[in-house]
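The values are calculated or read from the model by the stated rules, or taken from the named source; none is laboratory data. No experiment lies behind these values; they were computed from the predicted model shown. Cβ placement follows ideal geometry from the backbone for every residue including glycine, while neighbour counts extend to all protein chains displayed. Protein only, heavy atoms only, side chains kept; ligands, DNA and RNA dropped before computing areas. Shrake-Rupley method; radii C 1.70, N 1.55, O 1.52, S 1.80 Å.
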2 protein chains.
Amino acid sequence: MTATHLTAGDADPGRPGHGHGHLHAVPDAGVGAPGPIDRAAGLALSPEAADLLFREAHTAYRFTSEPVTDEQIRAIHDLVKWAPTAMNAQPLRITLVRSPEAREALIARLAAGNRAKAQSAPLIALLSYDLDFHDTLPEVLPHAPGARDGFAAEPARAEFASFNGAMQAAYFLIGVRAAGLAAGPMGGFDREGVDREFFPEGRQRSFLVVNIGHPAADGQFPRSPRLDLERVVSVA
Amino acid sequence: MTATHLTAGDADPGRPGHGHGHLHAVPDAGVGAPGPIDRAAGLALSPEAADLLFREAHTAYRFTSEPVTDEQIRAIHDLVKWAPTAMNAQPLRITLVRSPEAREALIARLAAGNRAKAQSAPLIALLSYDLDFHDTLPEVLPHAPGARDGFAAEPARAEFASFNGAMQAAYFLIGVRAAGLAAGPMGGFDREGVDREFFPEGRQRSFLVVNIGHPAADGQFPRSPRLDLERVVSVA
């Protein structure tokens, strides 16, 4: 199978798709100067929402002291719970690390470079997946009553939950932004140590720590470059 | 570490947080009948955008013949490229399966129950991660010039790319909805066979097939139940 790369609209706007036999026509290319505003024209989403969730949203490393309420977490959950997971399995679990003792226990197990970031966050969320998510399948996938039986093996459950938990983590980060907050996801921590401390029964596996709050004035780094369309998308 | 479960606003709206010592006050609980409209009040996102991306969006299994243009894919990429990945690594690659031969080759490798769904889709996207994403780190993470050196081992790259690719797949599904389209993600296919056919050089690993288009009138199943807040969120 041969694949050609999709050309970005600004690569050669006068000759959209030239030389790429598989490309469909690009009616908007070459009309006006390419830029974020032109491009947003292809969306049904409002520019305000696109800015809030993606274009102006930005990972935060330092936060103000303004608290994050349980009501905001409720609103985030009530939004992102509708996003899709395979077999509707929803393996993600979220631990709000609120007590001073729990914060201390978690922060001690972060990579050294992540501790000050978490200390500054009014709320730290510990994301894990549930190794026993399959026990809820009869409830969340009622039209497939035998689905639970396909997950007898724990390693297969872990792989499935890891993938779908990662997707749900992404939805959660979008949800944090939808609530007008900034997120600071961090993968650098002692996962086994955190699991022993927070999930002593051994039924959840942590995989991401997310600092949540309002960014401090100096709490965001300049944005790093993103890959252009032609580096990411190809046509077969 | 002990954790209590966060109670949903409708579990006992008159006594928010009662019995949960770690819970913060919930100022909005108990005011009016709990419901989607009340709950959206906790969001900065507009109700229209919340509906478009999450609350009314819905996996599709049959599609109309209306095409999905490259311009729509450009708009989706230009939106979701801003979402975060670890080390800004962006390992997701998207193959638009447009030619009749490529469609046939992919559909033949889908689980039998997924073939009719894909056949009905005006556009099928094959999502994979790039095993050599680390080669772009000097470009996308310019402030950490040694980052590439930490990824000499391919198994570690595969694990990292699998996790971050899953997060980017989630962003992509949200982006499809932002473009006013419906997505039908499918994990059931012969990944090794697809990789041999589409990525013969062995540098990409497929992990999700996404049908994209406008849903047919009978193209969506009734929604399956989502887990309530208290099943998902706990407080430590």
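Please verify whether residue B:106 is open to solvent by less than 10 Å² (accessible area, probe 1.4 Å), within 11 Å of chain A (Cβ to nearest Cβ) and in a strand (DSSP E or B), treating the condition exactly as stated.
When the stated conditions are applied, residue B:106 does not pass them.
Tell me, which residue of the range B:155-197 that is out of contact with any strand residue (DSSP E or B) (no Cβ under 8 Å at 6 or more places or on another chain) and without any contact (Cβ under 8 Å) to a residue 24 or more places away in the chain is least open to solvent (accessible area, probe 1.4 Å)?
B:170
Take the residues in the range A:109-133 that are within 16 Å of residue A:196 (Cβ to Cβ) and under 19 Å from the mean Cα position of the chain (by Cα), then tell me which one is nearest to the other protein chains (Cβ to nearest Cβ). I'd like the intermediate steps shown before the answer.
Our first condition is that a residue be within 16 Å of residue A:196 (Cβ to Cβ); within the range A:109-133, this holds for A:109-110, A:126, A:128, A:131.
Of the ones still in play, those that are also under 19 Å from the mean Cα position of the chain (by Cα) are A:126, A:128.
Numbers: A:126: 8, A:128: 10 Å.
Taking the candidates together, the pick is A:126.
Could you list, in sequence order, the residues of the range A:169-189 that are within 13 Å of residue B:84 (Cβ to Cβ), within 7 Å of chain B (Cβ to nearest Cβ) and touching a Leu at 6+ places or on another chain (Cβ under 8 Å)?
Listed by number, the residues that qualify are A:169, A:174, A:185, A:187.
Please find, within the range B:198-236, the residue that is surrounded by the most Cβ atoms within 10 Å (Cβ to Cβ) out of those that are more than 7 Å from every other protein chain (Cβ to nearest Cβ) and among the charged types (D, E, K, R).
B:205
Using beta carbons and a limit of 7 Å, which pairs, at least six apart or on different chains, have the first residue in the range A:207-234 and in contact (Cβ under 8 Å) with a residue 40 or more places away in the chain and of a type in the set (D, E, K, R) and the second one open to solvent by 50 Å² or more (accessible area, probe 1.4 Å) and not in a loop (DSSP other than H, G, I, E, B)?
Final answer for the pair search is A:230/A:5.
Please indicate, with yes or no, whether at least one residue in the range A:70-93 is open to solvent by less than 40 Å² (accessible area, probe 1.4 Å), within 30 Å of residue A:156 (Cα to Cα), at pLDDT 50 or above and in contact with a His (Cβ under 8 Å, 6 or more places away or on another chain).
Yes, some residue in the range A:70-93 is open to solvent by less than 40 Å² (accessible area, probe 1.4 Å), within 30 Å of residue A:156 (Cα to Cα), at pLDDT 50 or above and in contact with a His (Cβ under 8 Å, 6 or more places away or on another chain).
Among the residues that make up the range A:58-78, is at least one of them in a loop (DSSP other than H, G, I, E, B), farther than 24 Å from residue B:232 by Cβ and among the aromatic types (Phe, Trp, Tyr)?
Yes: one or more hits.
Filtering the range B:136-154 down to residues that are more than 21 Å from residue A:223 (Cβ to Cβ) and open to solvent by 40 Å² or more (accessible area, probe 1.4 Å), which residue is nearest to the other protein chains (Cβ to nearest Cβ)?
B:150
For the range A:58-91, what are the residues that are at the interface with another protein chain (Cβ under 7 Å from one of its Cβ atoms), touching a helix residue (DSSP H, G or I) at 6+ places or on another chain (Cβ under 7 Å) and either in contact (Cβ under 8 Å) with a residue 12 or more places away in the chain or not hydrophobic (A, V, I, L, M, F, W, C) (or both)?
A:74, A:75, A:77, A:78, A:79, A:80, A:83, A:84, A:86, A:88, A:90
Is it the case, given these coordinates, that residue B:22 is facing chain A (nearest Cβ under 7 Å), open to solvent by 20 Å² or more (accessible area, probe 1.4 Å) and modelled with pLDDT under 95?
Spelling it out, residue B:22 is indeed facing chain A (nearest Cβ under 7 Å), open to solvent by 20 Å² or more (accessible area, probe 1.4 Å) and modelled with pLDDT under 95.
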